[in-house]
Structure formats: C-alpha cells, structure tokens
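Participant: Mind looking over this structure? Questions follow.
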Amino acid sequence: MYRDPVPSLEAPSLQSPTAAMRPLRVGMIGIGTVGAGTFRVLARNQALIAGRAGRDIKLVVVCARSLARAMSVVGKDVALTNDPMQVATHPDVDVLVEAAGGTGPARDWVLAAIRAGKHVVTANKALLATHGNEIFAAARQHGVAVAYEGAVAVSIPIVKALREGLTANRIEWVAGIINGTTNFILSKMRDEGVGFAEALAQAQALGYAEADPTFDIEGVDAAHKISLLAANAFGMPVRFADAQVEGITRLQGLDVACAEQLGFRIKLLGVAKRRKESDVDGVELRVQPALVPAAHLLAQVNGSMNAVMVKGDAAGVTMFYGAGAGSEQTASAVIADLVDVARLDGTRAQQRVPHLGFHPEAVDEQLAVLPRAAVHTRHYLRVPVHSAQQIEAVGAWLAAQHVPVQRVELACDKALPTGSEPQVLVLTDAVAQATVDLAVHALAAHPAVAGPVVALRVELLEG
Ligand SMILES: NC(=O)c1ccc[n+]([C@@H]2O[C@H](COP(=O)([O-])OP(=O)(O)OC[C@H]3O[C@@H](n4cnc5c(N)ncnc54)[C@H](OP(=O)(O)O)[C@@H]3O)[C@@H](O)[C@H]2O)c1
C-alpha cells in the first residue's frame, strides 16, 4: 500500500539565500565624502544589509586620483586604480557606483558602464539633471538599472516614495527645502539678523557651504533636484534646462524681517506643480526664495535640514524630513539603491520599477514647463516710498494695475534699518507672474516710489 512519505522532523538542509547567491560586486569611482561613507556603512552593517539584499554586497575595485588616500580608507583587500574607465568596464563589476561628481567625464563613465551591461548607482544630481534623459534611454536599451536615491535630499527616500509608495496618486505638486546650505544661511539671517554675506561666511566656516558655493546659493543645486522629482511625479522627461531658477544672493535681510512682521518666513523652495486648466496645461518648475506662513511645517525646517512635501489626490499631503547631505546620510541612500540592484539583478527590465516611475511609453514627452509669465502664485511686494502717507496711493495704484491686493501695511520700525525710508508691504491674492512683473516695472516710475521694488512669491502649500 502506498503511504505518503513521513515528513522529516529535521530542518531541510537548504543554504541561506545569502550563501547561495554570489555577492553583488561593486566598482566605485570616487572615494571622498560619499564613497568613504558608503564603504564604512557597508562594512559596519554588512550582515544585516546582506540579509535584506539576499546576498552580500562587496566592494571590489575603487578609482581615485590619490591612491594613497583611497588605500587609507578601503585597506588592501580592494583593488585600486586611477583610471575611471577601468572601473566602469571592469569584468568583475556588476554595478558601478559613481561617487566622483561633475557632469562631463562622469557622463562618459556612466554611459560606458551601461554599454558594458553594468547597473549604475549615483548621487550625482548635476549629472542626471543635465544628462539624465540620455542616460536613462541608454540604460533601457541595455537592460540595466540606474538608481539615484542619493541625488535628492539624501536621508529622505523621496524618489522611492514618489515612484513606489505614492504610485496610486495623481500628484498635484511637490515642494520642498532641498538645499541644506541655503536653508542654513536663511536660518542664520532670520535668527541672528545678519545679512546674506555674513551668513554665507559662517556657513563656509562651519563646513555647510563649499569654497565655491555658486550652485547652492544661486539655486542651481535645488533646481537639479526638483527637476528629477518633477519627472517622477508627473511622468515627464527631466526638464532642468527649462526650470526657472532664482537663488538667495539678492535676498535682503530687510525682507526677512518684513516677512516675519507679516507672519511668514522666507525659504528657498523647489516647486513642481502640475497645472491643467482651460487655458493652461503644463508644469510649473521653479526654485525661488518664497514666503511660507510661519506656522507651516516647512517654516519649522531649520539649519541644514531638508524637507519635501507631496500632494497626491488620494494620499493628500505627505511630508518627509531629514538630512540633505553628509557622508553616511548619503551612504544610506546609495546602499538602499545597491540593495535594490542586488534584488533586481537578473530580472527582466519590464518587471522593475522604471527609472522615472513611469514605463517609457507612459512618459509624456509633450508635457512642458510653463513659462515664467504663466506662473500663478500669491506675492509679497515691498515698495520703498518717500512718505508713509503714500501707502494708500500704492495700494490703489496696484489694484488699478489688476494686482489683487489682499493686505497693505507699513514696515514697522523694528524691521527697518536706521535712516531707511518708509516701506509699504503688500500681500496679494494669487495672480499671474506676468501681471506682477508689469506692475513692478511700472511702479519704478511712480512718483511716490523711492527705490527698487522687491517682489517675492508667497506659497501657502495647503492640503
Ligand atoms: N557630500 C554630500 O553630502 C553629497 C550629498 C548628496 C550627493 N552628493 C554627490 O555625490 C558626489 C560625490 O560627492 P562627494 O561630496 O563625495 O565629493 P568629494 O568628497 O569631493 O569626493 C570626490 C571623489 O571623487 C574622486 N574623483 C573626482 N574626480 C575624479 C577623477 N577624474 N578620477 C578619479 N577620481 C576622481 C576624488 O578623488 P581625489 O580625492 O583623489 O581627488 C574623490 O575621492 C557628487 O556628485 C555630489 O553632488 C554629495
């Protein structure tokens, strides 16, 4: 008579998945802040990362200009070279981590790795903002992944949140403080009442700003990041070249104080907003210093911290907060990408999370960035006048220019430097930028006006 075999009470002698699969072999170009942090965290958390990835992740070769310095970080068990192309095309490498930075040579290394069938992980937002469309197309063609969580607000897994956690949603807007250097400077200007130049000098002395801080203070770095987020949010190509970018170099301490008087704080915001109305169809993609209500969560994000808010039609408003830079903070994102690569390596490309969150045929190549004139927000205006009595004239004149004035008041003495002429402060309702630009231009010739008019956007970022 047939009997089912009696199940053995002994545990089956299966190998653990981590032992069964060969390690994911990593080649790294650059072993500076990000590269060294990645090496350290990989080494420290090796077993738990392998447990999550299903296999070990092993650094096999590193490229740096100074091999002695590289050796002092990674020791003798990792091969060293100063030829980046050797790492990019190395036969023993499954995934290239590009941690050197820059756009020209980095593009060549990344494309060479892709053509050689390697996956790529990078935290290089400048590279992806300028060459991302080309790089993602090449990766699709060669069936490899390009992962870049570290490119935006490093400690915050915002790329994953947009591509995966919020995938059910029609995203209405993404907005955030995505440059720690400028947030540090703006926090100093507000807390200590210092001007931009002094706050920048402090940021440099404390290591929060580079010796050449241009990309940060001119808003370019934030524009790189918001362009990547917009692509993931709306299913559009990376459109950094079309973004409107304004940094904080022209921001005056006087406006920080006047904003405070009105109940606002000034933050450098990256904003990506989908607009689909009867006469407008496109995306506002912009970086600018903007007034945020003092009680708003984003106004509480201080120092070098980052925060991103997303409004989805189903989830509502979500907010993500964390460090925007740092060695191990960036490593956290880079290694998360490596774990993803370890899991997806060997799968069919169609089964993976697409590079920009949408499968290529669903990316809307026609979805364009709206011109500056069409941007529609509330505004703050500061109008220097010869005498305080002219406050009413300014309000009436703006209303006549179709600027929807909501509130008008004089800057109080506390906000004004000694000897300053009176300043009329105006808050408007939402209005097209074109209307504000025309009014500001014309105000310059008004006899009541005593100096350049300042106009800044106001963002309420409501649910
Ligand atoms: N630091 C952060 O907090 C952070 C956060 C997010 C994203 N990122 C991005 O991560 C990338 C790396 O930044 P990082 O701060 O780590 O820079 P880093 O500290 O300056 O390190 C760069 C590394 O790349 C190497 N390198 C540069 N050009 C090279 C070349 N042509 N050939 C070989 N090696 C080269 C350097 O070697 P030598 O030292 O020998 O010259 C150094 O090891 C950048 O794209 C950055 O935007 C950084």
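The values are calculated or read from the model by the stated rules, or taken from the named source; none is laboratory data. What you see is a predicted model, and the numbers here were worked out from it, not measured in a lab. So basically every Cβ, Gly included, is an ideal-geometry build from the backbone, and we count neighbours across all protein chains shown.
Participant: Just checking: which of the strands (runs of 3 or more DSSP E) contained wholly in the range 25-112 hold 1 or more residues that are in contact (Cβ under 8 Å) with a residue 24 or more places away in the chain and either under 24 Å from G346 (Cα atoms) or more than 9 Å from the ligand (Cβ to nearest atom) (or both)? Let's see the steps before the verdict.
Facilitator: Details: elements: 57-63, 79-81, 95-98.
Ranges flagged: 57-63, 95-98.
Participant: Continuing with this model, one more query. What is the residue count in the range 280-308 for residues that are out of contact with any helix residue (DSSP H, G or I) (no Cβ under 9 Å at 6 or more places or on another chain) and modelled with pLDDT under 95? Steps first, answer last, please.
Facilitator: Initial filter on the range 280-308 (out of contact with any helix residue (DSSP H, G or I) (no Cβ under 9 Å at 6 or more places or on another chain)): 281, 288, 290, 295-300.
Then keep just the ones that are modelled with pLDDT under 95; that gives none.
Residues flagged as out of contact with any helix residue (DSSP H, G or I) (no Cβ under 9 Å at 6 or more places or on another chain) and modelled with pLDDT under 95 within the range 280-308 amount to 0.
Participant: Please specify each residue of the range 389-420 satisfying the condition of being in contact (Cβ under 8 Å) with a residue 12 or more places away in the chain, surrounded by 12 or more Cβ atoms within 10 Å (Cβ to Cβ) and assigned to a helix (DSSP H, G or I).
Facilitator: Hits for the range 389-420 are Q390, I391, A393, V394, G395, W397, L398, A415.
Participant: In addition: Conditions: (1) within 13 Å of the chain's Cα centre (by Cα); (2) within 15 Å of R352 (Cα to Cα); (3) β-branched (V, I, T). I158 meets all but one. Number of the miss?
Facilitator: Looking at each condition in turn, I158 falls short on (2).
Participant: In the range 357-375, what residues are crowded, with 19+ Cβ neighbours inside 10 Å and either free of Cβ contacts under 8 Å to residues at least 40 places away in the same chain or assigned to a strand (DSSP E or B) (or both)?
Facilitator: V369
Participant: Right, another one. Just to be sure I understand, how many residues within the range 310-333 are within 14 Å of L162 (Cα to Cα) and surrounded by fewer than 21 Cβ atoms within 10 Å (Cβ to Cβ)? Write out each step before concluding.
Facilitator: First, the residues of the range 310-333 that are within 14 Å of L162 (Cα to Cα): 310-320.
Keeping just the survivors that are surrounded by fewer than 21 Cβ atoms within 10 Å (Cβ to Cβ) gives 312-320.
Total meeting the criteria: 9.
Participant: Now a separate question. Name the pairs whose Cβ atoms lie under 7 Å apart, with the first residue in the range 332-356 and farther than 11 Å from G143 by Cβ, the second within 16 Å of the ligand (Cβ to nearest atom) and charged (D, E, K, R), and 6 or more positions between them or separate chains?
Facilitator: From residues that are farther than 11 Å from G143 by Cβ, the pairs are A333/E149; A336/E149; D337/E149.
Participant: Looking for whichever is touching a Cys at 6+ places or on another chain (Cβ under 7 Å) and assigned by TED's automatic domain parsing to the domain that holds V34 here; the options are V74, V87, V60. Which one fits?
Facilitator: So the residue among V74, V87, V60 that is touching a Cys at 6+ places or on another chain (Cβ under 7 Å) and assigned by TED's automatic domain parsing to the domain that holds V34 is V87.
Participant: Return the residue satisfying two criteria in turn: it lies in the range 144-173 and is in a loop (DSSP other than H, G, I, E, B) and away from the ligand (no atom under 14 Å from the Cβ), and of such residues it is surrounded by the fewest Cβ atoms within 10 Å (Cβ to Cβ). Working first, answer last.
Facilitator: So in the range 144-173, the residues in a loop (DSSP other than H, G, I, E, B) come out as 144-145, 148, 152-157, 166-170.
With the extra rule that they be away from the ligand (no atom under 14 Å from the Cβ), the set shrinks to 144-145, 166-170.
Numbers: V144: 24, A145: 23, L166: 22, T167: 13, A168: 9, N169: 17, R170: 13.
Out of the qualifying residues, it is A168.
Participant: Right, something else. Being of a type in the set (D, E, K, R), within 30 Å of D279 (Cα to Cα) and free of Cβ contacts under 8 Å to residues at least 60 places away in the same chain is the filter here, so list the residues in the range 421-444 that pass it.
Facilitator: Kept after step one, since they are of a type in the set (D, E, K, R), are these residues of the range 421-444: 421, 429, 437.
From what is left, the residues that are within 30 Å of D279 (Cα to Cα) are 429, 437.
The one that is of a type in the set (D, E, K, R), within 30 Å of D279 (Cα to Cα) and free of Cβ contacts under 8 Å to residues at least 60 places away in the same chain: D429.
Participant: Show the residue pairs meeting these rules: Cβ distance below 7 Å; 6+ apart or different chains; first residue within the range 445-460 and free of Cβ contacts under 8 Å to residues at least 60 places away in the same chain; second residue not polar (S, T, N, Q).
Facilitator: Hits for this filter: H446/W397.
Participant: If you scan the range 114-134, which residues turn out to be free of Cβ contacts under 8 Å to residues at least 60 places away in the same chain, surrounded by 19 or more Cβ atoms within 10 Å (Cβ to Cβ) and within 13 Å of A88 (Cβ to Cβ)?
Facilitator: I114, V120, T122
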